[in-house]
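Trainee: Starting off with a structure, shown below.
The values are calculated or read from the model by the stated rules, or taken from the named source; none is laboratory data. As the structure is a computational prediction, the values presented were derived from the model and not from experiment. Note that each Cβ is placed from the backbone with ideal geometry, even for glycine, and that neighbours are counted across all protein chains shown. Please note that ligands, DNA and RNA were not included when accessible areas were found on the heavy atoms of the full protein model with its side chains. Shrake-Rupley method; radii C 1.70, N 1.55, O 1.52, S 1.80 Å.
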Amino acid sequence: MLKRTSIALLALATLLFPSALAQDGFPSKPITVVIPYGAGGMTDLSNRILATALEQRLGGRVDVVNRPGAGGYLGFSEAMRENDGHTIVAVTTDIFANTVLLDRDFTMDGVALLGSYMPQERVLFGHPSAPFSDFEGLIEHAAENRVRFADGGALWAGNVVKAMAKEDGVNIVHIPFESGAEGSAALLGGHVEIGETGVGTPAWQAAKNGELNMLAVITDGDLSAFGFDDVPNLEDLGYDHVVRMYYGWAVSPDVPEEIRARLEAAMEDVVTDPEVVAKLEAVDLTPRFMPSDEYAEIVDRVLGEAADLQGFIQE
């Protein structure tokens with residue numbers, strides 16, 4: 001309770017006095033937000049929107065750079081080596097799941113979460129030229145034919161679809177990409193029959209316009225907020241593995257606690273700013289601030305579920 005009260009007071013101070021953080025020497029140089037995925041995906045887009053507002057709160061420049069690779073782990077691990085608070089890494093729960101799926105020597109002791117700024121549903125789409133238009137048709141077709149599958153840069157999501165295929169004994173071939181934009185391009189171009197990306201991506205926008213078929217939700221939520229109540233969820237369909245996708249920020253745990261608290265307060269202020277909310281919602285993103293302690297609980301759950309997923313795939 002004390003921690004949340006302190007963060008709330010810092011958020012209020014930041015709102016009333018945008019340059020308050022800079023008055024005691026922080027930031028003393030531009031802030032860098034590292035995107036550990038390729039350009040054009042929702043991590044990239046959302047953080048560029050947030051960065052513009054963050055500049056006003058911190059009273060200094062905020063740069064956004066893309067460092068993709070290894071399912072997000074490359075840019076993430078590089079950012080964790082910076083310890084003065086001027087490097088923030090944009091994380092997703094997918095990155096933490098990937099440390100398990102890639103057998104990385106990793107513990108959360110090496111990460112300081114700053115909170116989460118939004119959840120996201122991931123959707124499995126089908127190209128209209130494919131000989132199926134719904135999830136049941138996909139499974140029936142893949143039982144006798146090879147189906148090419150493009151992920152949207154989320155290794156965890158890709159493995160959930162692989163696990164689904166294994167549960168049903170169907171032939172789905174996984175083709176990895178570095179971002180939702182790249183996965184969307186492969187699907188929209190007809191290079192693959194199915195693909196998964198998050199809400200807000202080009203594939204999602206195309207599906208809303210009837211250019212792709214929405215086959216299933218592979219996260220733990222649904223699409224009722226967008227008017228697509230009839231798209232089934234893997235969990236509801238009886239599958240054992242789903243994705244829990246939450247976006248957030250993190251820094252090295254060596255960053256002084258006072259600076260971490262200030263950055264978390266600044267994030268809460270930005271994510272609840274009506275102008276920022278409007279910009280994110282305009283591209284079908286769903287801003288929702290979650291404090292670092294609650295985000296940590298979700299990450300702990302994700303690590304356990306990723307271990308279960310890995311065990312199932314490797315059986």
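Trainee: State yes or no: is Y73 in contact (Cβ under 8 Å) with a residue 60 or more places away in the chain, buried (at least 19 other Cβ atoms within 10 Å of the Cβ) and of a type in the set (F, W, Y)? Walk me through how you get there before you give the answer.
Mentor: Values: in contact (Cβ under 8 Å) with a residue 60 or more places away in the chain: no; buried (at least 19 other Cβ atoms within 10 Å of the Cβ): yes; of a type in the set (F, W, Y): yes.
No.
Trainee: So which residues in segment 105-122 are over 19 Å from R244 (Cβ atoms) and of a type in the set (D, E, K, R)? Before you say what the answer is, go through the steps one by one.
Mentor: As a first pass, look at segment 105-122 and keep what is over 19 Å from R244 (Cβ atoms): 105, 107, 109-110, 112.
Of everything in segment 105-122, those that are over 19 Å from R244 (Cβ atoms) and of a type in the set (D, E, K, R) turn out to be D105, D109.
Trainee: Looking at A90, A130, which one is open to solvent by less than 30 Å² (accessible area, probe 1.4 Å) and over 18 Å from the mean Cα position of the chain (by Cα)? Don't jump to the end; show me each part of the working.
Mentor: Numbers: A90 fails: over 18 Å from the mean Cα position of the chain (by Cα).
It is A130.
Trainee: Got a number for residues in segment 244-266 being in a helix (DSSP H, G or I), of a type outside the set (K, R) and surrounded by 21 or more Cβ atoms within 10 Å (Cβ to Cβ)? Steps first, please.
Mentor: Applying the first criterion (in a helix (DSSP H, G or I)) to segment 244-266 yields 257-266.
Narrowing the set further to residues that are of a type outside the set (K, R) leaves 257-259, 261, 263-266.
Filter again for surrounded by 21 or more Cβ atoms within 10 Å (Cβ to Cβ), leaving 263-266.
Result for segment 244-266: 4.
Here's the yes/no breakdown for (1) open to solvent by 10 Å² or more (accessible area, probe 1.4 Å); (2) of a type outside the set (D, E, K, R); (3) part of a strand (DSSP E or B); (4) free of Cβ contacts under 8 Å to residues at least 12 places away in the same chain:
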position: G115; (1), (2), (3), (4): no, yes, yes, no
position: H141; (1), (2), (3), (4): yes, yes, no, yes
position: N145; (1), (2), (3), (4): yes, yes, no, no
position: M164; (1), (2), (3), (4): no, yes, no, no
position: V170; (1), (2), (3), (4): yes, yes, no, no
position: A185; (1), (2), (3), (4): yes, yes, no, no
position: V192; (1), (2), (3), (4): no, yes, no, no
position: E196; (1), (2), (3), (4): no, no, yes, no
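Trainee: Out of segment 267-315, which residues are in a loop (DSSP other than H, G, I, E, B), open to solvent by 60 Å² or more (accessible area, probe 1.4 Å) and at pLDDT below 95? First the steps, then the outcome.
Mentor: Of all residues in segment 267-315, those in a loop (DSSP other than H, G, I, E, B) come to 272-273, 283-289, 291, 315.
Retained after the next criterion (residues that are open to solvent by 60 Å² or more (accessible area, probe 1.4 Å)): 272, 288, 315.
Within segment 267-315, E315 is the sole residue that qualifies.
Trainee: Something else about it: Run down D105, D109 and say which single residue is out of contact with any Phe, Trp or Tyr (no Cβ under 9 Å at 6 or more places or on another chain) and free of Cβ contacts under 8 Å to residues at least 40 places away in the same chain.
Mentor: On the way: D109 fails: free of Cβ contacts under 8 Å to residues at least 40 places away in the same chain.
None of the others qualify; the one that does is D105.
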